[in-house]
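J.: Supplied in structure tokens, the structure appears directly below.
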Amino acid sequence: MTDEQRQNYTELLRSRLSDYRFHHSLCVAEEAVRLAKLYGADEKKAELAGLLHDIMKEADREEQTRYALMICRRPSPYFEASPKLLHAPAAAAYVRRELGIKNREVLAAIRYHTTGRANMSLLEKVIFLADFTSADRSYHGIGKMRSLANKDMTKAMKYALSYTITDLVANGKTVHPDTIDAYNDLLLSGGR
Ligand code: FE
Ligand code: FE
């Protein structure tokens, strides 16, 4: 990302997001770079994906659905049940179409930042975790989450996914199959 791109994307985020979500996006980009350095992922791709991962978060549902369907092909009952999931594939489609970002790893990291999936790439894990450990975050368990993210990526992923799944189940929500796949994959593969 050139300085000019960074500036343009930042302005675009500012126009599309609340102050809270804008700040979160900058924090996730910073945290993604830090984790990328720590685990040997591509820092530039991490910054780009981190910066743009939530660009569709506050778009109206119709726009989110329209973009998500460009990438997911058909409507999913899980998106109906949990409309919050839409913003991730929608963001991947948006940055590809409107910003001309073609890099598949960056697009996948954005697309799967909420659900996760089986066989996640290093960059996908970096973005997934950065969204949990960025400086703006506070929730019960953040201390443990941050300390795991700093020393063991697989343990951190397991912790984040069990936190997500447990929370969804406790609240009577559906769990997207990609999230279950991500969790099972970590346990079955012993983490790669
Ligand atoms: Fe998100
Ligand atoms: Fe986020």
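The values are calculated or read from the model by the stated rules, or taken from the named source; none is laboratory data. Predicted, not measured: the structure shown is a model, and the values here were computed from it. When we count neighbours, we look across all protein chains shown, and the Cβ atoms used for this are built from the backbone with ideal geometry, even at glycine.
J.: So residue 78 fits all but one of (1) touching a residue at least 24 places away in the same chain (Cβ under 8 Å); (2) under 14 Å from residue 130 (Cβ atoms); (3) away from ligand 2 (no atom under 14 Å from the Cβ); what number is the exception?
T.: Evaluating residue 78 over (1) touching a residue at least 24 places away in the same chain (Cβ under 8 Å); (2) under 14 Å from residue 130 (Cβ atoms); (3) away from ligand 2 (no atom under 14 Å from the Cβ) leaves (2) as the failure.
J.: Given the criterion out of contact with any helix residue (DSSP H, G or I) (no Cβ under 9 Å at 6 or more places or on another chain) and of a type in the set (A, V, I, L, M, F, W, C), identify the matching residue among 129, 188, 123, 168.
T.: Every option except 188 fails the conditions.
The rows are residues; the columns are (1) modelled with pLDDT under 95; (2) among the polar types (S, T, N, Q); (3) closer than 22 Å to residue 108 by Cα.
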residue: 141; (1), (2), (3): yes, no, no
residue: 146; (1), (2), (3): no, no, no
residue: 154; (1), (2), (3): no, yes, yes
residue: 161; (1), (2), (3): no, no, yes
residue: 171; (1), (2), (3): no, yes, no
residue: 174; (1), (2), (3): no, yes, no
residue: 177; (1), (2), (3): no, no, yes
residue: 185; (1), (2), (3): no, no, yes
residue: 189; (1), (2), (3): yes, yes, yes
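A quick yes/no check of all residues on (1) touching a strand residue (DSSP E or B) at 6+ places or on another chain (Cβ under 6 Å); (2) modelled with pLDDT of 95 or more; (3) polar (S, T, N, Q):
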{"site": "97", "(1), (2), (3)": "no, yes, no"}
{"site": "103", "(1), (2), (3)": "no, yes, yes"}
{"site": "131", "(1), (2), (3)": "no, yes, no"}
{"site": "138", "(1), (2), (3)": "no, no, yes"}
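J.: Could you grab me the full set of residues in region 72-99 that are of a type outside the set (Ser, Thr, Tyr) and more than 15 Å from ligand 1 (Cβ to nearest atom)?
T.: Once the filter is applied, which keeps residues that are of a type outside the set (Ser, Thr, Tyr) and more than 15 Å from ligand 1 (Cβ to nearest atom), region 72-99 yields 72, 73, 74, 75, 77, 80, 81, 96, 97, 98, 99.
J.: Can I ask one more? Could you pull out the residue among 63, 58, 43 that is acidic (Asp, Glu) and under 19 Å from residue 106 (Cβ atoms)?
T.: Going through 63, 58, 43 in turn, the sole match is 43.
J.: Between 85, 107, which is out of contact with any Pro (no Cβ under 9 Å at 6 or more places or on another chain) and either farther than 21 Å from residue 163 by Cβ or polar (S, T, N, Q) (or both)?
T.: After applying the criteria, what remains is 107.
J.: Quick check on my filter: what residues within region 1-60 are away from ligand 2 (no atom under 14 Å from the Cβ), of a type in the set (Asp, Glu) and closer than 23 Å to residue 121 by Cβ?
T.: Within region 1-60, 42, 43, 47 meet the criteria.
J.: Taking residue 134, is it buried (at least 19 other Cβ atoms within 10 Å of the Cβ), within 15 Å of ligand 1 (Cβ to nearest atom) and in contact (Cβ under 8 Å) with a residue 40 or more places away in the chain?
T.: Yes, satisfied.
J.: Let me ask another. Where the second residue is surrounded by fewer than 20 Cβ atoms within 10 Å (Cβ to Cβ) and among the hydrophobic types (A, V, I, L, M, F, W, C) and the first is farther than 19 Å from residue 12 by Cβ and lies in region 53-70, which pairs have Cβ atoms under 7 Å and are six or more apart or on separate chains?
T.: Close Cβ pairs satisfying both conditions: none exist.
J.: Among the residues of region 115-124, is there at least one that is free of Cβ contacts under 8 Å to residues at least 12 places away in the same chain and surrounded by fewer than 18 Cβ atoms within 10 Å (Cβ to Cβ)?
T.: no
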